[in-house]
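> Submitted below is the structure of interest, expressed as structure tokens.
Quick note: the coordinates plus some simple rules give every number you see, no bench work behind them. Fair warning: this is a prediction, and the values are worked out from it, not measured in the lab. We place every Cβ from the backbone using ideal geometry, glycine too, and count neighbours over all the protein chains shown.
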């Protein structure tokens, strides 16, 4: 079966969002979520209520523990004004971004 090759987009056509980070672990993701929550001066219980998730789920997510469904993760990210971008690890655009 032939492999699918996505056409390469020239680097000058791709804008990296300001503040973008490469997340390589659940702990890094949790730290980013916690940092964004605190930057917005939100308590963890208020954030859980705002996002419509349980306090326990948000606590586990911020601690980088597993068992959080992708639907809940996306709900929390959206509630904090964040979005997830998926890119190949080998992409040259990834090289200059901070890793968490």
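> Cut-off is 10 Å between beta-carbons; in what order do 33, 86 appear when sorted fewest neighbours first? Could the numbers behind the result be given before it?
Values: 33 22, 86 4.
Fewest to most other Cβ atoms nearby, the residues stand as 86, 33.
> Please arrange 76, 22, 53 by counting, for each residue, the other beta carbons lying within 10 Å of its beta carbon, fewest first. Intermediate results must be reported in sequence, preceding the final value.
Working: 76 23, 22 16, 53 20.
The most exposed by this proxy come first: 22, 53, 76.
> How would 43, 60 line up from fewest to most surrounding beta-carbon atoms within 10 angstrom? Kindly include the intermediate steps, with their values, before the conclusion.
Numbers: 43 10, 60 17.
By the 10 Å Cβ count, ascending: 43, 60.
> A follow-up question, please. Determine the shape class of region 12-65: with a ≥ b ≥ c the square roots of the Cα gyration tensor eigenvalues, call it rounded for a/c under 1.5, and otherwise prolate if a/b is greater than b/c, oblate otherwise. If you can, show how the numbers build up before the last one.
Details: a/c = 2.64, a/b = 1.74, b/c = 1.51.
In terms of gyration-tensor shape, prolate.
> Further question: Once you keep just the Cα pairs under 8 angstrom separated by 6 or more residues, what percentage relative contact order results for region 30-76? Before the final figure, lay out each step's value.
Numbers: 31 pairs, mean separation 18.1, N = 47.
That works out to 39 percent.
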